[in-house]
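Take a look at the structure below.
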Amino acid sequence: MSETLTLSKAIGTGLRRALADDDKVVLMGEDIGRLGGVFRVTEGLQRDFGPDRVMDTPLAEAGIMGTAIGLAFRGYRPVVEIQFDGFIYPAFDQIVAQLAKLHYRTRGNVRMPITVRVPYGGGIGSVEHHSESPEAYFAHTAGLRVVTCSNPQDAHTMIRQAIASDDPVMFFEPKRRYWAKGEVDETIDDSTLPMGSARVAAEGTDVTLVAYGPLVKTALDAAAAAADDGLSVEVVDLRSLSPIDFDTVEASVRKTGRLVITHEAAQFGGLGAEIAASITDRCFYHLEAAPARVTGFDTPYPAAKLEEHFLPDLDRILDAVDRVLGRENSLTGGLV
Amino acid sequence: MSETLTLSKAIGTGLRRALADDDKVVLMGEDIGRLGGVFRVTEGLQRDFGPDRVMDTPLAEAGIMGTAIGLAFRGYRPVVEIQFDGFIYPAFDQIVAQLAKLHYRTRGNVRMPITVRVPYGGGIGSVEHHSESPEAYFAHTAGLRVVTCSNPQDAHTMIRQAIASDDPVMFFEPKRRYWAKGEVDETIDDSTLPMGSARVAAEGTDVTLVAYGPLVKTALDAAAAAADDGLSVEVVDLRSLSPIDFDTVEASVRKTGRLVITHEAAQFGGLGAEIAASITDRCFYHLEAAPARVTGFDTPYPAAKLEEHFLPDLDRILDAVDRVLGRENSLTGGLV
Amino acid sequence: MRSAISEQQSGSEENSLSEVFGPDEELIQILTPFGERVSQPLFDSWIDDVDSAALLALYEDMVVVRRIDTEATALQRQGELGLWAPLLGQEAAQIGSARALRSDDFVFTSYRENAVAYCRGVQLVDLVKVWRGVANSGWNPFEVNMATPAVIIGAQSLHATGYAMGCQKDGVDSVAVAYFGDGATSQGDVNEAMIFAASFHAPVIFFCQNNQWAISEPVGLQAVRPISDRSPGFGIPSLRVDGNDVLAVTATMRIALDRARTGGGPTFIEAVTYRMGPHTTSDDPTKYEDVDLHAQWAAKDPILRLERHLEATGVLDDAARASVKEKSDEVARGFRAACHTLDDPEPLAVFDHVYSAPHSGVDRQKRQYAAYLSYIEGGTR
Amino acid sequence: MRSAISEQQSGSEENSLSEVFGPDEELIQILTPFGERVSQPLFDSWIDDVDSAALLALYEDMVVVRRIDTEATALQRQGELGLWAPLLGQEAAQIGSARALRSDDFVFTSYRENAVAYCRGVQLVDLVKVWRGVANSGWNPFEVNMATPAVIIGAQSLHATGYAMGCQKDGVDSVAVAYFGDGATSQGDVNEAMIFAASFHAPVIFFCQNNQWAISEPVGLQAVRPISDRSPGFGIPSLRVDGNDVLAVTATMRIALDRARTGGGPTFIEAVTYRMGPHTTSDDPTKYEDVDLHAQWAAKDPILRLERHLEATGVLDDAARASVKEKSDEVARGFRAACHTLDDPEPLAVFDHVYSAPHSGVDRQKRQYAAYLSYIEGGTR
Ligand SMILES: Cc1ncc(C[n+]2csc(CCOP(=O)(O)OP(=O)(O)O)c2C)c(N)n1
Ligand SMILES: Cc1ncc(C[n+]2csc(CCOP(=O)(O)OP(=O)(O)O)c2C)c(N)n1
Ligand SMILES: [Mg+2]
Ligand SMILES: [Mg+2]
């Protein structure tokens, strides 16, 4: 029933299924045809479904988004690939002012079942604009659903759910985990797994560690390392970034009393702030310490040789775990 | 020494001074010349400084931003007017991927002393795209400074500081306060008033109420109303949204133990979250209650007849004040 | 010497358009400002059927939409509407093009295309919902095959192109039309739309109303060459038509529609016209408009010239005139009355339709705001 | 019949360009693939001074930059660079255009213009900083009057236009040049750049290297007409030149520069060339490139034809050949050595230059991360 796939392949099989199941599904993007995309996610799809269903487009992101919207008006369900996170900004207006608002503007008359696939995040040693984490911009934009996956099974299930959604979905793909392998059961019924729900990826009792996308693996590693230290860290994989499944996070924090959040995006105005603020609001009296955020810095994404510093890693996460536990940490400087 | 000016006129005189003082200052935008801008902020400036200094541009926001960047490369200090908040998104790529990053990219070799003036916020009964509060997008973008003014004196001083800044400054103008009058002393030395500092607009001891831009007036009204109720509310006018002067907010919250934040932008992922999270982090043990946010809803900006609901007002702010004070409020439903 | 009709489509396609050349700045014109109907061999066949009755119908349309404009402006002055964007002077461009469409064509416009909306069958009451502030848009696009206006300049040009790509995939001969202004042609979106349309050979018509102004900016700031000169370089033939001549507009639109329906791909039409009124009711053109220029264009008024023609040909007699007047009075009355029937939306409507399915964030806010409203109404605070 | 040189600039300006017409698809060519230097009456005068010595210098440049390319590709394969974007095949387009510039002109490019950078005097070590990952850009733009590459396709075209507007305001005759690819022409930014350049009559040159590919996408997907057909519609004359012919490129660039310096405004040059290598070292063209097409273009190699010419004219004798070889060996050696001297940046450099003045947010993070680093180094965690 299940097979071992890389995360990228798991998305590819999801796209293939969607193309096969519904002839209103069309794929659009730069180099997604013959080349199969720069990450090969769409490999073989143009060959099998033809250039009418899997369309290489001119090199213009606003053009891609805007024509996708027109296709949605005509009853299509476009799945747009943005080649890299940093190339989404030319499409920002079409996404924020049109895609996100059309359903609201028309009081529900016009649906925008468009999925925007965005390989995102750093850790691949690339040059500028190839390692961005722009999810907060979109999560702050009403009318969009924003999701991200951390493993092949979710990747496969969620891409199908995203395409099935009648609302626009920003689908963020953790590019540095494209090659991570895992079991994928393609028969899992999508509808039983709401795309908007978080997942407790590891249970624990001392600290809640919230992560998503590429950092879920790092968070799980941190939890394992903490276990060696005798600490029990519960890892919550958000999956959905708009809405956020606060119920799941809240339940965990009510249990642990402590919250650490990690993401690659800049801290200032990032989703970590929303999670900290919302959870503080929901269970202030259960919190033993201020929520801690372990994030990218409030700088542009740095040169490749500096990204190990910019990106949250196991040590920085564990330092924050120590901090919310009132243990010695980098801020107390060992002088707790 | 000082004269009574509307907020829009206070910005206009600031622009005039900047044009007179430095011939590298140029103004660019749609309809800013003969018409003087749709809000008449630049009225008379093209007449007095000529079309080479005050330039009507083609109708293309990316074009305006991109050519402003080129002018800055050539040593100019462009001041760009975006006609309305909702029209800034076509320029998003040039702002986020170029303007914000050029100084970092070039390790300080290329400075971008560009001011982007954006009339923002609602309350003027307008149609879609004319009432947006997009400040969080820019505050989350490293490399930009983001400021907003709430009164004529600040408007005048801050626009001059913004133009004098060697970093790019997003200058958000509270359009529904354009006609608010106040004393403006044009001789105040800009440099003594760092643009990045918050201002305690009203002192108080029970609750800290953080506001910025158009809602400072609402916050002050709320504080006055609360005073009638025997409550002492301290109002902090942030002025700068990146960086945020957390020291000033923290000092206030250490005193009051309670924090309410208000802004027009959507709550989810808005700056209220950052303020709540940062202040919780900085003075967790001084907080008597979870910080409360009174904001626009997580919806697109609604039709004009609904904006009174969308926009935070005195009553909603007072309700949140009650909430952080543990008094009866809409969430306890009177059953405290 | 340049071509009023530029045709640079390469390949085997034979098209009569490429044969037409005319003097620089020449516009396709069939009805002169003096009301004379002149023959244009290349275009006549496209409007053979536009007889007196048809012309009278077009005349009525134009009078009616001008009356709607006047009424709406009055309603705005009386505080019934927050704003209005008059189309005064652009009646021929809009009526001529929109009446050429089939009901299964799909139209994407900006905010000034009230006459297009009228032709599509949009209810007038739906036209003012936005300006009265009771909704973010006025009608269900699928009921009239016309999207509600895009306020972001140029954005709709890409939507039309995508829609046309969809028609092509569906194998139908419906056409998508993008209406936009001269100012819009400076936006990246409009240029990208031409690129996509050309690459995919999409059945889309770019209908640019060059009304000489983008708010206070003259068209010369957006374009140093005629706007219709641009699309040929993208591989899209263009037609530059007298936008105040309802017959010429009809002919060019029919040509473009025929091209699109028969696999000929996109066409660009520049309808050269003039915005006789302010940009919107809150604009003050005296700040920037030259009075002489205004007067020049007033002489080319689209309704006036058709009136002259219909008078000269004896079609517009007293009875016809009365009937047109009655119709426009009736429409105006209905318009005004309908405007007053528009109720303010319910407070909680602010939360509706953000998503098509539940969203825990918005749903929670809605519950909390409902609680707040009833708490406030309880009078406690 | 269409014009290899399109000139639609209206008004009084007399310009010889408008007189030149040639057969469809014809390119301006002076040096044939067989190495023959042919006379082109309209262009010859612009390259009268390009004698044997000058040609040999251009040849050396081209050989050297090809050698740099090979060396960089090798360095990438050896793990010394993370990536490299070869210009293989585009040497004539880049050398011919860049050598025509004055030092006070200012150049804005994309990532593939290594030969342009070489001509501007960029240190080779600075060229690879980005690809080695030690910095987000390699040099101080003001030292060589060349901005560091824009990775966002097309963005730099607007920067060049703005810079040119600045030159104009300053009353100097410096020129700004935007280099970009065929793919870039689909971006809104490039189209808006043409609009701004035309409106402000800015002294900017749009130099498009049409190398037939945007990664895997053939140019036919971006443009159904020659790319040089576009700018005339915007009011910007264009020149379509054989991009593998260093002499023709030199001539057209000089014409454009002269126009710009003398108040003639912007010019668009399409240099038709071919990307003989992969898009970058991580690309695999076998997935999409037709071998025959590749072979056709190999026959038009820009270095080969100049070599043939120089051999035929007796300029490239054994001594000259040896000298060119020596030079390129030396450059390659220096390049490789310099590459190894590049140290990794200090950790805290991640916080530097986000702003030019203190910023309480970033400054605090820097302090905290410094504390973290010393805490970690203390080995406690
Ligand atoms: C992206 C964007 N920028 C600016 C505006 C503000 N604006 C509204 S109408 C207008 C002028 C449009 O001119 P044109 O395209 O010629 O259409 P017209 O008003 O003449 O019908 C401007 C600048 C806008 N709506 N959208
Ligand atoms: C806005 C943007 N979208 C996509 C990309 C990804 N990308 C990098 S190079 C390239 C192709 C560029 O083609 P062209 O402009 O012809 O330049 P060439 O590579 O041929 O020199 C693409 C799509 C990008 N860098 N920026
Ligand atoms: Mg106009
Ligand atoms: Mg290319």
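The values are calculated or read from the model by the stated rules, or taken from the named source; none is laboratory data. It should be emphasised that the depicted structure is a prediction, and the values quoted were computed from it without experimental measurement. Ideal geometry is used to build each Cβ from the backbone, glycine not excepted, and the neighbour counts take in all protein chains shown.
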Pick from region C:172-188 the residues that are surrounded by 24 or more Cβ atoms within 10 Å (Cβ to Cβ) and more than 16 Å from ligand 3 (Cβ to nearest atom): which of them is farthest from residue D:184 (Cα to Cα)?
C:175
Which of the residues belonging to region D:315-343 are surrounded by fewer than 19 Cβ atoms within 10 Å (Cβ to Cβ), part of a loop (DSSP other than H, G, I, E, B) and under 28 Å from the mean Cα position of the chain (by Cα)?
D:315, D:342, D:343
Consider residue D:159 against the criteria (1) within 7 Å of another protein chain (Cβ to nearest Cβ); (2) touching a Pro at 6+ places or on another chain (Cβ under 9 Å): it satisfies all of them except one. Which criterion is unmet?
(2)
Residue B:334 fails exactly one of (1) at the interface with chain C (Cβ under 10 Å from one of its Cβ atoms); (2) at pLDDT 95 or above, namely (2)
Would you mind stating whether residue A:31 is away from chain C (no Cβ under 13 Å) and on the phi > 0 side of the Ramachandran plot?
yes
Take residue C:239 and decide whether it is of a type outside the set (D, E, K, R), away from ligand 4 (no atom under 16 Å from the Cβ) and either more than 17 Å from residue C:94 (Cα to Cα) or out of contact with any Gly (no Cβ under 8 Å at 6 or more places or on another chain) (or both).
yes
Checked C:42, C:75 against criteria (crowded, with 20+ Cβ neighbours inside 10 Å and either within 21 Å of residue C:258 (Cα to Cα) or more than 21 Å from the chain's Cα centre (by Cα) (or both)); the one match is C:75
Please state which one of B:47, B:74, B:53 is more than 25 Å from residue C:284 (Cβ to Cβ), at pLDDT 95 or above, over 25 Å from the mean Cα position of the chain (by Cα) and in the same structural domain as residue B:137 (by TED's automatic domain parsing).
B:74
Hey, among the residues in region C:294-303 that are touching a residue at least 60 places away in the same chain (Cβ under 8 Å) and assigned to a helix (DSSP H, G or I), which one's nearest to residue C:219 (Cα to Cα)?
C:297
Please enumerate the residues belonging to region C:191-235 that are within 9 Å of ligand 1 (Cβ to nearest atom) and either crowded, with 24+ Cβ neighbours inside 10 Å or among the charged types (D, E, K, R) (or both).
C:208, C:209, C:210, C:211, C:214, C:217, C:222
So which residues in region C:192-225 are within 16 Å of ligand 2 (Cβ to nearest atom) and more than 21 Å from residue D:235 (Cα to Cα)?
C:196, C:199
Restricting to region B:272-328, name every residue that is part of a loop (DSSP other than H, G, I, E, B) and either over 20 Å from residue C:363 (Cα atoms) or hydroxyl-bearing (Ser, Thr, Tyr) (or both).
B:287, B:288, B:289, B:290, B:291, B:299, B:301, B:313, B:325, B:326, B:327, B:328
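One line per residue, one yes/no per condition, for (1) at the interface with chain D (Cβ under 8 Å from one of its Cβ atoms); (2) buried (at least 24 other Cβ atoms within 10 Å of the Cβ):
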position: B:27; (1), (2): no, yes
position: B:62; (1), (2): yes, yes
position: B:66; (1), (2): yes, yes
position: B:75; (1), (2): yes, no
Matching entry among B:138, B:84 (being aromatic (Phe, Trp, Tyr) and either buried (at least 24 other Cβ atoms within 10 Å of the Cβ) or within 7 Å of chain D (Cβ to nearest Cβ) (or both))
B:138
Counting just the residues of region B:70-88 that are in contact (Cβ under 8 Å) with a residue 24 or more places away in the chain and in a helix (DSSP H, G or I), which one comes out farthest from ligand 4 (Cβ to nearest atom)?
B:85
Looking at residue D:206, is it over 30 Å from residue D:332 (Cα atoms), under 12 Å from the mean Cα position of the chain (by Cα) and within 14 Å of chain C (Cβ to nearest Cβ)?
yes
Hey, among the residues in region C:165-191 that are more than 16 Å from residue C:149 (Cα to Cα) and touching a Cys at 6+ places or on another chain (Cβ under 9 Å), which one's farthest from ligand 2 (Cβ to nearest atom)?
C:173
Looking only at residues that are within 14 Å of another protein chain (Cβ to nearest Cβ) and crowded, with 24+ Cβ neighbours inside 10 Å in region A:166-186, which one is nearest to residue A:70 (Cα to Cα)?
A:168
Quick one: which residue in C:83, C:88 is surrounded by 15 or more Cβ atoms within 10 Å (Cβ to Cβ), within 16 Å of ligand 3 (Cβ to nearest atom) and modelled with pLDDT of 95 or more?
C:88
When residue B:58 is evaluated against the numbered criteria (1) away from ligand 3 (no atom under 16 Å from the Cβ); (2) touching a Phe, Trp or Tyr at 6+ places or on another chain (Cβ under 7 Å); (3) facing chain D (nearest Cβ under 10 Å), which criterion, by number, is the only one it fails?
(1)
Kindly provide the set of residues from region A:93-112 that are crowded, with 23+ Cβ neighbours inside 10 Å and either away from chain B (no Cβ under 11 Å) or among the aromatic types (Phe, Trp, Tyr) (or both), ordered by number.
A:99, A:104, A:112
Name the single residue, out of those in region C:85-95 being closer than 13 Å to residue C:118 by Cβ and in a helix (DSSP H, G or I), that is farthest from ligand 1 (Cβ to nearest atom).
C:95
If residue D:269 satisfies every condition in (1) farther than 17 Å from residue D:302 by Cβ; (2) within 16 Å of ligand 4 (Cβ to nearest atom) but one, which is the exception?
(1)
Can you work out which of the residues in region C:262-284 that are within 17 Å of residue C:234 (Cα to Cα) and away from every other protein chain (no Cβ under 12 Å) is nearest to ligand 3 (Cβ to nearest atom)?
C:269
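Conditions (1) in contact with a Ser or Thr (Cβ under 8 Å, 6 or more places away or on another chain); (2) outside the structural domain of residue D:315 (by TED's automatic domain parsing); (3) of a type in the set (Ser, Thr, Tyr), marked per residue:
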site: D:35; (1), (2), (3): no, no, no
site: D:43; (1), (2), (3): yes, no, no
site: D:55; (1), (2), (3): no, no, no
site: D:74; (1), (2), (3): no, no, no
site: D:80; (1), (2), (3): no, no, no
site: D:86; (1), (2), (3): yes, no, no
site: D:97; (1), (2), (3): yes, no, yes
site: D:111; (1), (2), (3): no, no, yes
Being away from ligand 4 (no atom under 13 Å from the Cβ) and closer than 27 Å to residue C:265 by Cα narrows it down to one residue among D:203, D:141, D:226; which is it?
D:226
Let me confirm something: among B:13, B:4, which residue is within 24 Å of residue B:185 (Cα to Cα), touching a Lys or Arg at 6+ places or on another chain (Cβ under 8 Å) and of a type in the set (S, T, N, Q)?
B:4
